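Peer 1: For reference, the structure I am asking about is given below.
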Amino acid sequence: MYSRIRRSKHVTLLLLTALFMWGCDGDTVFSPDDSVVGEDRIEVIGNATVAVEPDIASAQVGVQTFAGDAVEAVTLNNTNTDAVLAALEVLGIDGQDLQTRSFSISPQRAFQEDRPDSIIGFWVSNTVDMTLRDLTQVGQMLQAAVDAGANSIYGLQFTVADPDSVEDLARTRAVEDARRRAETLAAAAGVEVGGVVSLRESSLSVPYFFRGDAAESDASSGIPIEPGNVEVSATVEAVFEIR
């Protein structure tokens, strides 16, 4: 009799240990709710990524000039910058979508041994932020800027005018994914999913970049540009009741 009871306790302990280890493995946990006696819960992580076509592009367009005299370098830079802005406005860009980012004058020094440094000229740089709302003209706009005198273009990125709606869609789908995972686990365990006990957004990623997989480019109309898609990812941590 004593041996049978002892063996039964040993088997029960092994089963409890196995259940505990299974519940702690991975991101999904099946465990009793400490706050409500007698109730159980399922904890899951839901993920979702939403890809949409961008509708806004932005870039920094700059003009750098060099001359032996500072006034001459500034005058040359002003002429080239005015030409770039005029070329962009001819193509239809609104003046409100152009904003000066930086302007600088830097001396160019000649370094020689056993002699004081001497200034041999001046660099002048003028950089303008450009916002483009017609993505079919991005390549043409950039080409026009280069043709007019721009010799520095960087920071090209594509975004959406209404990021909140895309982010909300990603959040909604992440919650749906969390419930789907919970229902899959509950069905396997022979229980049903109840209401939400807690819900927390753990991350939201909104990378802005351009990727060549969504638009065709025509080199004859300007610099080849492909906007691609903007991807927004969301992750939520959800706890559901089970019954």
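The values are calculated or read from the model by the stated rules, or taken from the named source; none is laboratory data. Not measured: the values here are computed from a predicted model. Cβ sites come from the backbone with ideal geometry, for glycine too, and all protein chains shown count toward neighbours.
Peer 1: May I ask you to list the residues in the stretch 137-161 that are exposed (fewer than 14 other Cβ atoms within 10 Å of the Cβ) and out of contact with any strand residue (DSSP E or B) (no Cβ under 6 Å at 6 or more places or on another chain)?
Peer 2: If the condition is that a residue be exposed (fewer than 14 other Cβ atoms within 10 Å of the Cβ) and out of contact with any strand residue (DSSP E or B) (no Cβ under 6 Å at 6 or more places or on another chain), then Asp147 is the only one that fits.
Peer 1: Same structure, new question: Consider Ser58 against the criteria (1) modelled with pLDDT under 90; (2) part of a strand (DSSP E or B): it satisfies all of them except one. Which criterion is unmet?
Peer 2: (1)
Peer 1: Then there's this: Given the criteria in the same structural domain as Ala234 (by TED's automatic domain parsing) and either at pLDDT 95 or above or surrounded by fewer than 15 Cβ atoms within 10 Å (Cβ to Cβ) (or both), does Arg171 qualify?
Peer 2: The answer is yes for Arg171.
Peer 1: From the list Asp114, Asp97, pick out the single residue that is in the same structural domain as Asp82 (by TED's automatic domain parsing) and loosely packed, with under 11 Cβ neighbours inside 10 Å.
Peer 2: Asp114
Peer 1: Which of the following residues is closer than 26 Å to Thr49 by Cβ and modelled with pLDDT of 95 or more: Arg211, Arg180? Before the answer, list the steps.
Peer 2: Values: Arg211 fails: modelled with pLDDT of 95 or more.
Only one candidate passes the filter, namely Arg180.
Peer 1: Exactly one of these conditions fails for Ile5: (1) assigned by TED's automatic domain parsing to the domain that holds Asp168; (2) modelled with pLDDT under 95; (3) of a type in the set (Val, Ile, Thr). Give me its number.
Peer 2: (1)
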